[in-house]
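Asks: Below you will find the structure I want to go over with you.
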Amino acid sequence: MDNRLTFDLKTADGLTTLYLIGKIDTLGARIFEKKIKEVLAQDIKNLKFNFKDVEYLSSSGLRIILYTKKEMQKRNPDSELIIEDPQQQIVDVLSMTGFLDEVVEVEYTGKNIPR
Amino acid sequence: MDSSIKLKSKVENWKILSQFIESFLQKCGCVKNFIYEFLLSCEEIFVNICFYAYKSAEGEISVDICMINDHIKIVFSDSGAKFDPTKFENKNINSKIYNRKPGGLGIFLVKKTMDEMKYTRKCDKNILVMTKKIGR
């Protein structure tokens, strides 16, 4: 089983969404970090992560999320980082670690509301 | 039911170890959420042993996993420098998130998701035992 993390980047109406597909473990976080640096090198004002296909997130991935938020806030102190459609076990980890509401906001697009 | 594996202390080996643990837990009939939390804790411990116990040197890590009644027990042992993850402090977690130091978050997650974590140093080995009740 190949659990390499892959991405899909979509921009519409000034909003950039990075779709992540796979596992964000220590190995995935390295790929995530490289990708986010590439994305942040562009002139992006609003960024969303779509986590619909993220089944695993560990502390190494949380660190990259925090890094992203800090970088976004350097550009605009009011900027929000939204995680779209996360699975319930990911929300649990975000909540346990205090990331939920303090670092990221969670949003559901409609068809992926967990239990 | 029990199973064992020995690995070199390379972070890349997490892939092999995670598959080993996942398939054991599946055989035990554990549900998806249990498997996720269990793997999360094991990853933090494995990566910490690679980074802190062995640092840049390469050593061996033994992992033994078993099911005892309604618990899963996993034992990590290594011959690296003394490293006690139970001693990592959590005080970080309540401070404003942006001021937190990067370390400690992973161990905090282990303490949150496992029922028990016990460390001993025996014969120049680090031995870490973690247990989690199935269905929690």
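Laboratory data are not the source of any read-out in this text; all were calculated from the coordinates shown. Keep in mind that this is a model prediction, so the values were computed, not measured. Positions of Cβ are backbone-derived with ideal geometry, glycine not excepted, and every protein chain shown enters the neighbour counts.
Asks: Select from B:ASP64, B:ASP84, B:ASP124 the residue whose mean-square fluctuation is largest in a Gaussian network model of chain B (Cα-Cα springs shorter than 10 Å).
Replies: With Cα springs under 10 Å in chain B, the top fluctuation among B:ASP64, B:ASP84, B:ASP124 is at B:ASP124.
Asks: Dipole magnitude of segment B:2-133 about its Cα centre, charges +1 at Lys/Arg Cβ and -1 at Asp/Glu Cβ only, in debye to the nearest 20?
Replies: The dipole magnitude comes to about 440 debye.
Asks: Using modelled backbone amide H atoms (1.01 Å from N, in-plane), which distant-in-sequence or interchain residues come within less than 5 Å of A:TYR56's amide H?
Replies: When sequence neighbours closer than 5 places are left aside, the close amide H contacts are A:ILE24.
Asks: What average count of beta carbons from other chains do you get within 10 Å of the Cβ of residues in A:28-36?
Replies: Taking the mean over all residues of the peptide, I get 0.
Asks: Among B:ASN126, B:ASN69, B:ASN48, which one shows the biggest mean-square fluctuation in a GNM of chain B, springs joining Cα atoms closer than 10 Å?
Replies: Evaluated over chain B, the most mobile residue of the options is B:ASN69.
Asks: While we're on this one: Indicate the gyration tensor shape class of segment B:2-133 (rounded, prolate or oblate), computed on the Cα atoms with a ≥ b ≥ c the square roots of the eigenvalues: a/c under 1.5 is rounded; otherwise a/b larger than b/c is prolate and the rest oblate.
Replies: Note, shape of segment B:2-133 comes out oblate.
Asks: Restricting to Cα pairs below 8 Å that are 6+ residues apart, what does the relative contact order work out to for chain A? Please round to a whole percent.
Replies: 23 percent
Asks: Can you pull a Stokes-Einstein diffusion coefficient for chain A at 20 °C (1.002 mPa s), Rh from Kirkwood over Cα pairs, as a whole number of µm²/s?
Replies: 151 µm²/s
Asks: Work out the mean other chain Cβ neighbour count within 10 Å for the residues of B:110-116 and drop it here as an integer.
Replies: Averaged over the peptide's residues, the number is 1.
Asks: Now, a different point. Quick one: order B:TYR36, B:TYR54, A:TYR108, B:TYR119 by neighbouring beta-carbon count within 10 Å, fewest to most.
Replies: Numbers: B:TYR36 23, B:TYR54 20, A:TYR108 12, B:TYR119 16.
Final ranking by Cβ density, sparse to dense: A:TYR108, B:TYR119, B:TYR54, B:TYR36.
Asks: Normalise the Cα radius of gyration of the protein assembly as shown by 2.2 N^0.38 Å (N = residues in it) and let me know the number.
Replies: Scaled against compact globular proteins, the figure is 1.04.
Asks: With label points built 7 Å along Cα→Cβ from the Cα atoms of B:VAL75 and A:ALA12, find their separation and express it in nm.
Replies: Each label point is offset 7 Å from its Cα along the Cβ direction, giving 5.5 nm.
Asks: Using Cα springs under 10 Å in a Gaussian network model of chain B, which residue among B:SER23, B:SER77, B:SER62 shows the largest mean-square fluctuation?
Replies: Judging by the Gaussian network model, the answer is B:SER23.
Asks: Over chain B, what is the relative contact order in percent, taking alpha-carbon pairs closer than 8 angstrom and at least six residues apart?
Replies: So the answer I get is 28 percent.
Asks: Counting each DSSP H run of 4 or more residues in chain A as -39500 (n - 2.57), what helix-only mean residue ellipticity at 222 nm follows after dividing by all residues, to the nearest 500 deg cm²/dmol?
Replies: -11500 deg cm²/dmol
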